[in-house]
Structures are given as structure tokens and as C-alpha cells.
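Reading through the C-alpha cells given below for one structure.
What follows draws every value from the coordinates through simple rules; no lab data is involved. All figures in this text were calculated on a predicted structure; none of them were measured in a lab. Every residue, glycine among them, receives a Cβ derived from its backbone with ideal geometry; neighbour counts consider all protein chains shown.
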Amino acid sequence: MNGVHDLGGMDGFGPVDVEANERVFHHAWERTVFGLTAATSAQRLRNVHTFRHAIERMDPVHYLSSSYYEHWLTATATLLVEMGVVTIAELEARAGGRMPLSEPVRPDLIELPAPSAAAPCFAVGSPVVVRNLHPLGHTRCPRYVRGKRGVVVRVDGAFPLPDVAAHSSERCEQYAYNVRFEGRELWGDTTDSAAAVHVDLWESYLEAP
Amino acid sequence: MSGHDDEHHHPAPLSPVEVRARALEELLTEKGLIQEGFIDAVVSAYENDIGPMNGARVVARAWVDPAYKTRLLANGTAAIAELGFGGPEGEHLVVVENTPAVHNVVVCTLCSCYPWPVLGLPPNWYKSPPYRARIVREPRVLLREMGLDLPESVEIRVWDSSAEIRYMVLPERPAGTEGKNEAELAALVSRDAMIGTARP
């Protein structure tokens, strides 16, 4: 989905605020949320793909105005409610107020790509173009590379395709590649010519130019 | 119920997010989905044992042992496992080497993927919208803002961890460190040098 989480290349966020000698967790509730999320993973109540997509489905204003571990809390609560492990009524009764959850998945609109063939389609040095895909479900193809030309610099083997794994228990593995994009290809002439971005992309995101 | 020790010093009412986290923790405990002590056990590993001191040992070893460095750049996961490091978010590690001509920097624009076994959990700035939005678009400008002024002649490579690979930067060994031993060298390697927003 073209969600607010897909931040690469956006302007207007201002400086990066680096905290000196930062603690691993800033508040006790962050430790709790980290542990709860680990527990639901150990209980197989989520996988990394469903979890990331649950974060992506957050209301965009809530996403940008809340911290990283509040994203985790919202996603974990959302998945547990969607699976029927807890109810929103139970959560809100216990919290004594509103429990914001992510927006629902629209599974009827999601198309699931097919697995890769036995051998990878591209090799180191292959020129590729990123397909101009805008799936409504989960994807790991950032918007800023769609339609852009790059060159494969590494072939990493086959991994479960997140676009399927976030929505289905079907096993769908595809080859993943590291693709190098020159700065000018991504950002035009305004950019630094001696900068490149390397992005890891699954096979169905790519095509031959 | 451990994990709330800090709040004993703060009698103020809990914030909404604290209330929500506690509500979920209580419900999952009542339903038998979390055992007493589980959260502390998981979290304490990341507070005490898993952090950038691990990555610094990898870097120092690569600086003193050319054969190790060759293995590290060829297969990061296996070479890092030689020092005993691995685990969640470290299943597929790639180490990218800085040279006089090339500087590497790591990001995850879509979420906050990060090589936990060698760097621990990411700092807030790495997870923040400004870093994730800007480092791919204007890396030289942003690195300069963050205190790393690279000459125009140095190529910058930004690695967006968008799939299963997690990246760590191997910084250049600083000049004048010939007499230092491995432990002294490790002490020179910061977390940010291994992300690529600083140099040792």
C-alpha cells in the first residue's frame, strides 16, 4: 500500500535529532511492548510480514505523531483483535478509554504474485527496471524506486515474498536482489551525482528494461 | 509485575500509551499467553548483552586480521558467527566496507530494519521520519548536518534494508592506531560508525 510508512525521499521533516548516550528503552512501557511483541511472535500469533503491515495500516496522523513502540503496541493489539485472541471491548474496558487500532485489511482487493522459477531471472550486472506497481496490500517495494532503472549487484537467494506472506499462508518464495540506483536516476539533476542508493528487491518487483 | 519499576518514583497518572500497554499486558497474562518473567528475560538481553560493543569487536578483528576481513566481506553472517554473534535480525548479514573512495551508510526507509546481533536495538533517530526520508535523497547534506563532512570526491552508497539482508558498515581503521591492540581498537568504534553516520 502507498502508506505513510514509505518515507524514502519525502521532504519537510527537518533535522535528525540525535540523543547523546541514549538508553535502549526510554520508558518502562516500551520494555513491556517489546516483550509483548516477542511473546506474540513466540506464540506464532504474528509473523514479521503481518506485523509490518499492521503498522502500515495505522491511521497516518497517528503513525506520524506516535513513537516507534507505540506503533508496535498498536500493531500487536490490532493483530490480536483480528485473530480473536482479545476483543476491542476487553482492551478498552481494561484501559478505561479508547484503544486506537489500525485500519482493516482489504483482502478482496489484494492480488498475490506467483513464486519464482527454479533459477533466478537476473544476474549480477543485469540492468533492471522496477515495475510501476501500487498494490493495496503489503509490499516491500519502496515508492521512490518504482519505474526507476538500476543494475543488479548481488543475488541473495529465494525468500518468502512479503506481498503474499502478509496476507496468506500460501508459500511463495522469490529471488531477492540488491539493485543499485544512481542518485540522478532517482532524484534528477538536483542531486549529488556521486551518490547511489542500493535497495533489496524481490523478483516480481523487477523486469528487464 | 516487574517492568514498571520507574513508575514507583512517579505518582503522576499514567499516560494513555502506558495505560494501553498495561491493559494488553494484563489481558495476555490472564489468558496465559505470557508467562511471569518472560518480558524481563527478553528485554534484559537487549539492555545488557546485545549492543554495538558486539559489532565493534567484529570491526576490530577485521582491522587486525586480513584473513578474517576477507571472510567478513565475503560472508558476513558466517564471519560474525565466528565471534559468537547471531540471532533475530541477524540471519543474513552483509558487511559493506568504507574505503578512501567510498562511504557506506545504512537505513530502512519502510520501517526500521537493523542488524540487532551486532548493533543492538536501533536508536530513536534511526527509526525517525527525518532520517528515513532524507538519507536516501540527500545523503551528503544530511551526513554533514549530523557532523560527518565528506569530500565531494567520496562516493556515498546508501543501503536501504528493504528485504531480508541486514547491513553493517566496516569503517576505515583510523591513522595512527598501529600500536593499539584489538580491544583498544574496538573501543574506538562507535555505533554510528557502523551505521555510517560517523567515522571512528
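The table below gives the values:
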read-out	value
Whole-angstrom Cα spans of the protein assembly as shown along principal axes, big to small	60, 52, 41
DSSP bridge pairs, the protein assembly as shown: antiparallel proportion in percent, nearest 5	55
Bins of 5 Å from zero: percent of alpha-carbon pairs in the range A:1-104	2, 11, 19, 22, 21, 13, 7, 4, 0
Shielding score for B:144-150, defined as the mean number of other chain Cβ atoms within 10 Å	1
Cα principal axis extents for the range A:114-209, largest first, Å	44, 28, 18
Theoretical FRET efficiency, 1/(1+(r/R0)^6), r = Cβ-Cβ of residue B:40 and residue A:11, R0 30 Å, to 0.05	0.10
Longest exposed-site-free window of chain B, the sites being GluC sites (Glu not before Pro) in a DSSP loop that have at most 11 other C-beta atoms within 10 Å	B:37-151
Residue-wise HN-Hα coupling along the range A:116-122, computed from phi with Karplus coefficients 6.51, -1.76, 1.60 (Hz; x: Gly, Pro)	5, 6, 4, 10, x, 6, 10
Estimated FRET transfer efficiency (residue B:64, residue A:62; beta-carbon r; R0 35 Å; 0.05)	0.10
Cα centre as origin, Lys/Arg/Asp/Glu Cβ charges: the protein assembly as shown dipole, Debye	740
Ascending count of other beta-carbon atoms within 10 Å, so fewest first, for A:67, A:102	A:67, A:102
C-alpha long axis of helix A:68-82 to longest principal axis of chain A, angle in °	70
Inter-chain Cβ neighbour average for residues A:186-195, partner chain, 10 Å	5
Scattering profile of chain B at q = 0.09, 0.12, 0.13 Å⁻¹ [log10 I(q)/I(0), Debye over alpha-carbon scatterers]	-0.43, -0.70, -0.79
Label-point gap, in nm, between residue B:48 and residue B:101 - each point 7 angstrom along Cα→Cβ	4.8
Two-decimal log10 I(q)/I(0) for chain A, as the Debye equation yields it once each C-alpha is a single scatterer, q = 0.09, 0.10, 0.12, 0.16 Å⁻¹	-0.44, -0.54, -0.77, -1.19
B:169, B:42, A:33 arranged by Cβ crowding within 10 Å, fewest neighbours leading	B:42, B:169, A:33
Cysteines in chain B lacking a second Cys C-beta under 4.7 Å	B:111
Shielding score for A:64-77, defined as the mean number of other chain Cβ atoms within 10 Å	3
Within chain B, helix-based [θ] at 222 nm, where runs of 4 or more DSSP H residues each add -39,500 (n - 2.57), nearest 500	-11500 deg cm²/dmol
Mean separation of Cα contacts under 8 Å, 6 or more apart, over the residue count of the range B:51-195: relative contact order %	35
Whole-number Å³ per residue for the convex hull built on Cα positions in the range B:82-200	111
Least to most buried among B:128, B:190 (fewest other Cβ within 10 Å first)	B:190, B:128
For the protein assembly as shown, with +1 on Lys and Arg beta carbons and -1 on Asp and Glu, the positive-most of A:107, B:125, A:178 along the dipole	A:178
Kirkwood Rh in Å, taken over the range B:76-142 so that all alpha-carbon pairs contribute	13.4
